[in-house]
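The values are calculated or read from the model by the stated rules, or taken from the named source; none is laboratory data. Computed from a prediction, not measured in an experiment: that's the story for all the values here. Every residue, glycine as well, gets a Cβ built from its backbone with ideal geometry; the counts of neighbours run over all protein chains shown. Keep in mind that these areas ignore ligands, DNA and RNA; they rest on the heavy atoms of the full protein, side chains included. Shrake-Rupley method; radii C 1.70, N 1.55, O 1.52, S 1.80 Å.
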Amino acid sequence: MTSALRQTVADIVQKTPVFDIHTHLYDPAFGELLLWGIDELLTYHYLVAESLRWLDTSYDKFWAASKTEQADYIWDALFVKHSPVSEACRGVLTVLNQLGLDVKKRDLPALRKWFSGQEPGAYITRICELANVRKIAMTNSPFDDAERPVWERGLQRDPRFVAALRIDPLLCDWPHAAQRLSGWGYRVNVDLSGPTYAEVRRFLADWTKRIDAQYCMVSLPPDFAYPAESDMARLIKYAIMPHGREHGQAFALMIGVRRQVNPALRLAGDSVGAADVGAVERLCAAFPENKFLCTMLARENQHALCIAARKFRNLHVFGCWWFLNVPGLIEEITRMRLELIGTSVTPQHSDCRVLDQLTYKWAHSRPIIAKVLAEKYETLATAGWEPTRAEMERDVHDLLGGSFEAFLKN
Ligand code: FIX
Ligand code: ZN
């Protein structure tokens, strides 16, 4: 019975299409911004950080190298000279294996040759099918000079990719954001006076409409405080919150990143710090009509964040973000979440930066979610409660994006 139940749950989790609620992937209409292929997989910033621990090449020499050369360095350091046991290394092998490529040969040129023969359109579909992903949320920043012109020109949207409005500069570096908004015709003042809040709201509304943003999001440092005497807190209170209420749009907080602790590592140079969950609780309490999504980067914050979700139904917890996206921690965090808030949570998002990673991120997370859920059903069975298959399918749908969609809709 026990193993049959585990098998059933694993099967349902495998077969249920997922809504991946936070990635850095782009609609194919963005062309080269949608990264894919073996060299992109190997130069993922998670692997850059790991490989530079072994390499004696200077950071400058590494960055001056072409992408192919960087991939060569990383392959040699992490796959040839040492065994690829880290989660990010294992991920590359899972991708290749799922694509039916032979990883045993350790033949990087042959892998490159295979990828160069792929036609992007068909390849995207193949990856989405392999990963069983039904919808992918992008990260869309009007402050990104590569991305903004594509939106401004207009594009034919791919329905598999939905938008999320990312506003880090607005909240984390208001003086520069103010200059940019002024340049785009919004009448804002750096001291937040006059029509500034109304104009920031106009900016948010314009972009929400332009990209059809499903939610608005920001990543924040561990010292994020609310309430506070800061530009950030004022902008949240007087611009983001009214905007959220007017548009029925949730505000996603990703808290706990310490940016650029080692700038020489560039994108790989960010770290983690424990934050104050009280700030999230105070936001939820101060703005009961607003909806909040939250993920936190520090393991130490996970328990308190779950408790915050028990106290505030306008808070939806999601994902095992970045350094938490390793099997041991996913299992621990997912178990704790199910035990504290049941299935009203989104245990995982992929944070993919390279399309192909969808296959590994979900292939690695799904069995863990299935294992924890099956374990919970088993404990119910000892009390005489046996979930039907339909109930299990409902629960898994909720965990893989359904509960998130319901939260956004309600
Ligand atoms: O801020 C974010 O959305 C982070 O996920 C990224 O900045 C980070 O670089 C990343 O890729 C983590 O997985
Ligand atoms: Zn991200």
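See the values below:
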read-out	value
Scan of region 323-346 for residues that are open to solvent by less than 10 Å² (accessible area, probe 1.4 Å) and away from ligand 1 (no atom under 16 Å from the Cβ), ordered by number	334, 337, 345
Test for residue 256: is it open to solvent by less than 10 Å² (accessible area, probe 1.4 Å), at positive phi and under 19 Å from the mean Cα position of the chain (by Cα)	yes
So residue 16, is it within 14 Å of ligand 1 (Cβ to nearest atom), of a type in the set (S, T, N, Q) and open to solvent by less than 30 Å² (accessible area, probe 1.4 Å)	no
Residue among 312, 287, 318 that is under 21 Å from residue 402 (Cα atoms) and touching a helix residue (DSSP H, G or I) at 6+ places or on another chain (Cβ under 6 Å)	312
Those helices (runs of 4 or more DSSP H) lying entirely in region 119-184 with at least 3 residues crowded, with 18+ Cβ neighbours inside 10 Å and of a type outside the set (Ser, Thr, Tyr)	120-131, 168-172, 174-183
Pair list, Cβ < 7 Å and 6+ apart or interchain, from region 154-169 residues that are free of Cβ contacts under 8 Å to residues at least 12 places away in the same chain and more than 23 Å from residue 401 (Cβ to Cβ) to residues that are within 14 Å of ligand 2 (Cβ to nearest atom) and open to solvent by less than 20 Å² (accessible area, probe 1.4 Å)	none
Restricting region 90-109 to residues that are open to solvent by less than 50 Å² (accessible area, probe 1.4 Å) and part of a helix (DSSP H, G or I), the residue that is farthest from residue 357 (Cα to Cα)	108
Selection count, region 307-320, where residues are within 16 Å of ligand 1 (Cβ to nearest atom) and either charged (D, E, K, R) or open to solvent by 10 Å² or more (accessible area, probe 1.4 Å) (or both)	0
Unique match (being over 19 Å from the mean Cα position of the chain (by Cα) and either more than 30 Å from residue 122 (Cβ to Cβ) or open to solvent by 10 Å² or more (accessible area, probe 1.4 Å) (or both)) among 370, 274, 363, 304	304
